[in-house]
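These notes are about the structure you will find just below.
The values are calculated or read from the model by the stated rules, or taken from the named source; none is laboratory data. The model shown is predicted, which means the values in this text are computed figures rather than measured ones. Quick reminder, even Gly has a Cβ in these numbers, built from the backbone with ideal geometry, and neighbours come from all protein chains shown.
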Amino acid sequence: MLIAGTDTTTTVSEWLMGAVMHNPRVMAKLHEELDSVVGNTRMVQESDLQKLEYLQIVLKESLRRYPPGALLMPRISRQAATVGGFHVPKGTTLLVNAWAIGMDPAVWENPTQFHPERFLGSSIDVKGHNFELLPFGSGRRKCPGMGMGLRSVELLVANLIHGFNWSFVPGTTPSMEDVFSTTAQLKTPLQAMATPRLPKEVYIKV
Ligand code: HEM
């Protein structure tokens, strides 16, 4: 439970920050939204999150492009079935590759591109009802910590982005290449420098 809840939340936050730092246009739009919804006199509170609509689609795009649980938990077929032309005998162990579904060009236009606006006007969410996007799995064994995970990541990254301008550490080679461990991790951990962007009283209050 501890690993499922902490490793995933920090990993999603690291992937999202890396993706946004590689996309200054997206970072600028997030700053614009945070300045308008939260203003520059305080940090972000949980009650602000539902108003941060651009942040919500940035998180969806990050979970599509960089799901930490690339492979869902194994399932066993309770009866024989034919799926996509393949015969699956009863009792087969099945692994669903959520990463590959999120990167399928038959489902997603330009899947390698990080483009949050693809979710504008789309009803696809991450809750396991839309099989195009399964970062929390689906069905009875889907992630029971989804609500907490989403809120934790949103609050953390909203405050990091609202409170600071971010740049890569000079001399490092930032990359979004992944490596698979218990979760899909950045091969080179993100190294970033933060510069305050709000009046200093805001940080003293925290
Ligand atoms: C953004 C953060 C998170 C992501 C992306 C995530 C993702 C996942 C995924 C993909 C699964 C497998 C679901 C399936 O096979 O259908 C899972 C299972 C699980 N997650 Fe999460 N998770 C997150 C946060 C959390 C948190 C905060 C908790 C607990 C506080 C948690 C607890 C669990 C547990 C206990 C399972 C196993 C459920 C079972 O086998 O029945 N997760 N998670």
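Brief remarks follow.
- Taking residues in the stretch 190-206 that are closer than 12 Å to residue 163 by Cα, and partners anywhere that are loosely packed, with under 11 Cβ neighbours inside 10 Å and modelled with pLDDT under 95, not one pair has Cβ atoms closer than 9 Å while being at least 6 places apart or on different chains.
- Those residues of the stretch 140-163 which are closer than 18 Å to residue 102 by Cα and either of a type outside the set (A, V, I, L, M, F, W, C) or away from the ligand (no atom under 12 Å from the Cβ) (or both), in sequence order: 142
- Pairs with Cβ under 9 Å, 6+ apart, first in the stretch 1-23 and more than 19 Å from residue 159 (Cβ to Cβ) and modelled with pLDDT of 95 or more, second more than 9 Å from the ligand (Cβ to nearest atom) and in a helix (DSSP H, G or I): 23/116
- When the stretch 89-108 is filtered for residues that are touching a Leu at 6+ places or on another chain (Cβ under 7 Å) and either away from the ligand (no atom under 16 Å from the Cβ) or in a strand (DSSP E or B) (or both), only 97 remains.
- Residue count, the stretch 124-136 (criterion: within 12 Å of residue 64 (Cα to Cα) and near the ligand (Cβ under 8 Å from one of its atoms)): 3
- Residue 86 vs. criteria out of contact with any Ser or Thr (no Cβ under 6 Å at 6 or more places or on another chain), loosely packed, with under 12 Cβ neighbours inside 10 Å, among the aromatic types (Phe, Trp, Tyr) and farther than 30 Å from residue 197 by Cα: yes
- Reported count of residues in the stretch 109-124, each being surrounded by 13 or more Cβ atoms within 10 Å (Cβ to Cβ) and either in contact with a His (Cβ under 7 Å, 6 or more places away or on another chain) or in a loop (DSSP other than H, G, I, E, B) (or both), is 5.
- Restricting attention to the stretch 60-77, the residues being in a loop (DSSP other than H, G, I, E, B) and farther than 15 Å from residue 141 by Cα number 4.
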